[in-house]
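*Asks:* Attaching a single structure in structure tokens format; questions to follow.
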Amino acid sequence: MTEPSGIKVNYEELEQYVRALFQGAGVEEEQAATIARHLVLANLRGIDSHGVSRVDIYTRRLDYGLERKKTTVHVDKETASSTLIDGGNGMGIVLASKGIEIAVEKAKETGLAVVGIKNSGHCGMLADYTQYAAKHLCLALATTNAPSNMAPWGGKQGFFGTNPFSYGVPAGEEQDIIFDMATSVVARGKITLARKNNQQIPLGWAITKEGKPTTDPDEALDGLVLPVGGAKGYGLAFLVDVLSGLLTGAAFGPYIGSLYKDLDRNQKIGQFFFVMRADLFEHMEEFQRRIDQMIREIRQIPLADGFEKIYMPGELEHEKSVERKLGGIPLTGSVLQELEAVGKRYGIDCPF
């Protein structure tokens, strides 16, 4: 798939407009700002499938009353090193942002912490949350389950979602390591974005409902995505659902509502964060010195044919964010039209 083409928009202006759209939908200013910052960050990192292309469906679900316009964090259970949050069908990005803040705060006090969230909505890009932890000198693992669209290895009926997970590792002088992946070959949102942009998808991303390979995003969205690494991806997807769904009391597998198709019921998604201080065993300076050493030594490994550089996990996304902060975020015509249409619903002029 090619880089999205069309106009390029300043990220700060885009964030300001998206914040206004969510306020127009009835979300209070602080929570609207959290959502807007998160979505634009996804675009900055080149994860356009999880960026402002989600504004239309998020605001429609707010309009339909499927997610609360004022998200309230209700603590269901708590210990010195753990918190279970009942999101009450609030906005997933707001809930997850608060969840990682709680996890980091507790980890700083006790050394490590676990936070679970149930009755949540789609929480966007997990890298945002592990990046937050890394900036606060903590290691973090984040998971979220998702609507059923991937069969268990050997099956032909969907049970698991794309079930992503992310980790963050704080470095010293080097860039923090931020890794984020779906347990499917590709996040379903990338297929949705391809359909919006009238693009085909690569073979190997998904199969039709008859089980045949396809490059048609419509057929893929009616069919199933494929697990990354076959049985290994299935095993990871299983663990993500246990941590995010079963452990927290959230829905799991086929019991999760679809973001796009189920416009008559809540999603009841779950999120899970495990956070620990980077100096839990070693002094912070020693840990950072050694992670920097590891990064630098990996970069010195001789390159295989066809490669120009060895990238650290998340480094490509970091480079993309630097590039897009300077040169603007590309928006395709279809995504821009959606943003304009959302603005019209709330009487807000699109500035682009």
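The values are calculated or read from the model by the stated rules, or taken from the named source; none is laboratory data. Quick caveat, the model's predicted, so the values are computed rather than measured. No Cβ is skipped: glycine too gets one built from the backbone with ideal geometry, and neighbour counts run over all protein chains shown. When the accessible area is computed, the model is the full protein with side chains, heavy atoms only, and any ligands, DNA or RNA have been set aside. Shrake-Rupley method; radii C 1.70, N 1.55, O 1.52, S 1.80 Å.
*Asks:* Suppose every K and R has +1 on its Cβ and every D and E has -1 on its Cβ; what is the size of the dipole of the range 50-90 about the Cα centre, in Debye to the nearest 20?
*Replies:* Dipole size: approximately 160 debye.
*Asks:* How large is the convex hull of the Cα atoms of the chain per residue, expressed in Å³ as a whole number?
*Replies:* Given the Cα convex hull of the chain, per-residue volume reads 139 Å³.
*Asks:* Choose one of 247, 204, 214: the residue whose Cα lies farthest towards the positive end of the charge dipole of the range 197-280 (beta-carbon charges +1 Lys, Arg; -1 Asp, Glu; about the Cα centre).
*Replies:* 247
*Asks:* Within the chain, what percent of beta bridges assigned by DSSP are antiparallel, to the nearest 5?
*Replies:* Bridges in the chain that DSSP calls antiparallel: roughly 85 percent.
*Asks:* Heavy atoms of the protein only, probe of 1.4 Å, neighbouring chains included. What is the accessible area of residue 215 in Å², nearest 10?
*Replies:* 40
*Asks:* Here's a follow-up. Please give every one of the aspartates and glutamates within straight-line cross-link reach of residue 98, meaning a C-alpha to C-alpha distance under 15 Å, and leave out same-chain neighbours fewer than 8 residues apart.
*Replies:* Counting by Cα, and skipping residues close in sequence, residue 98 has these aspartates and glutamates nearby: 30, 76, 78, 86, 128.
*Asks:* May I ask you to rank 196, 156, 325 by accessible area, largest first, using a 1.4 Å probe over the protein chains only?
*Replies:* So, going from the largest accessible area down, we get 156, 325, 196.
*Asks:* List the lysines whose alpha-carbon lies under 28 Å from that of residue 344, not counting same-chain residues fewer than 8 positions away?
*Replies:* 8, 69, 70, 190, 196, 261, 325
*Asks:* Which percent of the accessible area of the chain is formed by carbon and sulfur heavy atoms (probe 1.4 angstrom)?
*Replies:* With neighbouring chains kept in place, the figure for the chain is 52 percent.
*Asks:* Quote the accessible area belonging to residue 138 in square angstrom, nearest 10, computed with a 1.4 Å probe and with ligands, DNA and RNA left uncounted.
*Replies:* For residue 138, the solvent-accessible surface is approximately 0 Å².
*Asks:* With every protein chain present, what is the per residue accessible area of the range 69-212 (1.4 Å probe, Å²)?
*Replies:* 40
*Asks:* Turning to a different aspect of this structure: Arrange the residues 38, 50 by how much accessible surface each exposes, largest first, with a 1.4 angstrom probe.
*Replies:* 50, 38
*Asks:* Taking all protein chains together and a probe of 1.4 Å, list 285, 28, 315 from the most accessible to the least accessible.
*Replies:* 285, 28, 315
*Asks:* Would you calculate, for the chain, the mean residue ellipticity at 222 nm contributed by helices, counting each DSSP H stretch of 4 or more residues as -39,500 (n - 2.57) and dividing by all residues, to the nearest 500?
*Replies:* Taking each H run of at least 4 residues, the total per residue is -12000 deg cm²/dmol.
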